[in-house]
Every structure is written in C-alpha cells, then in structure tokens.
Amino acid sequence: MDRAFRNIVALFHASITEAAIMCSTTPARALGLRGFGVIADGNVADLAVLDRGFRVTRTFVNGDEIYRAG
C-alpha cells in the first residue's frame with residue numbers, strides 16, 4: 001500500500017491528503033466498514049507512519065505498535 005501511496009502522489013500529482021483518502025477512507029467505505037479509514041475518536045486505531053519518501057516506518061494495529069523500521 002505504501003507503494004500505491006507513492007505512485008498516487010508521484011504519477012497523479014495528488015496531494016498527501018488525497019492519497020491518504022484513496023488508500024484508507026475510500027477502501028473502507030467501499031467495503032462497508034464502519035470505524036475504519038478515518039482517524040477519529042472511537043474508530044479502530046490501525047495506522048501506518050510514513051517517512052518523507054512515503055515508506056512505512058511504524059505500524060500500529062488496534063493502537064499497539066507492531067512494527068518499527070530499523
């Protein structure tokens with residue numbers, strides 16, 4: 001997914017916000033998932049932290065860190 005995010009920004013000149021919506025909010029809504037795809041109080045805390053090159057540096061599932069690069 002991080003590669004898709006990079007491609008959306010680089011190839012389609014989308015903003016970071018637009019790419020985030022395309023990679024998280026839109027798929028969650030398409031699957032009918034409630035509480036996913038948007039950072040909001042009460043939602044599931046599955047998050048990926050990206051560096052300036054849009055590569056994953058940390059991953060959180062249900063609010064717990066499960067991956068840290070390096």
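The values are calculated or read from the model by the stated rules, or taken from the named source; none is laboratory data. Given the structure is predicted, the values throughout are model-derived calculations rather than measurements. In this analysis, Cβ positions are derived from the backbone assuming ideal geometry, glycine residues included, and neighbour counts consider all displayed protein chains. Heads up: the accessible areas ignore ligands, DNA and RNA and are worked out on the full protein's heavy atoms, side chains in. Shrake-Rupley method; radii C 1.70, N 1.55, O 1.52, S 1.80 Å.
Leu33 falls short on exactly one of the conditions (1) open to solvent by 60 Å² or more (accessible area, probe 1.4 Å); (2) in contact with a strand residue (DSSP E or B) (Cβ under 6 Å, 6 or more places away or on another chain); (3) over 14 Å from Asp2 (Cα atoms), and that condition is (2).
Taking into account only those residues within region 40-55 that are closer than 22 Å to Arg3 by Cβ and out of contact with any Asp or Glu (no Cβ under 8 Å at 6 or more places or on another chain), which is surrounded by the most Cβ atoms within 10 Å (Cβ to Cβ)? Explain how you work it out, then say what you get.
Looking only at region 40-55, we keep the residues that are closer than 22 Å to Arg3 by Cβ, and these are 46-55.
Add one more test, that the residue is out of contact with any Asp or Glu (no Cβ under 8 Å at 6 or more places or on another chain), and what stays is 46-47, 49, 51-53.
On the way: Asp46: 16, Leu47: 13, Val49: 13, Asp51: 11, Arg52: 6, Gly53: 8.
The residue in question is Asp46.
Filter region 14-49 down to the residues that are part of a loop (DSSP other than H, G, I, E, B) and either in contact (Cβ under 8 Å) with a residue 24 or more places away in the chain or of a type in the set (S, T, N, Q) (or both) and list them by number.
Passing the criteria: Ser15, Asn43.
Against the definition (under 11 Å from the mean Cα position of the chain (by Cα) and either in contact (Cβ under 8 Å) with a residue 40 or more places away in the chain or open to solvent by 50 Å² or more (accessible area, probe 1.4 Å) (or both)), how does Ile66 come out, yes or no? Against the criterion (under 11 Å from the mean Cα position of the chain (by Cα) and either in contact (Cβ under 8 Å) with a residue 40 or more places away in the chain or open to solvent by 50 Å² or more (accessible area, probe 1.4 Å) (or both)), Ile66 does not qualify.
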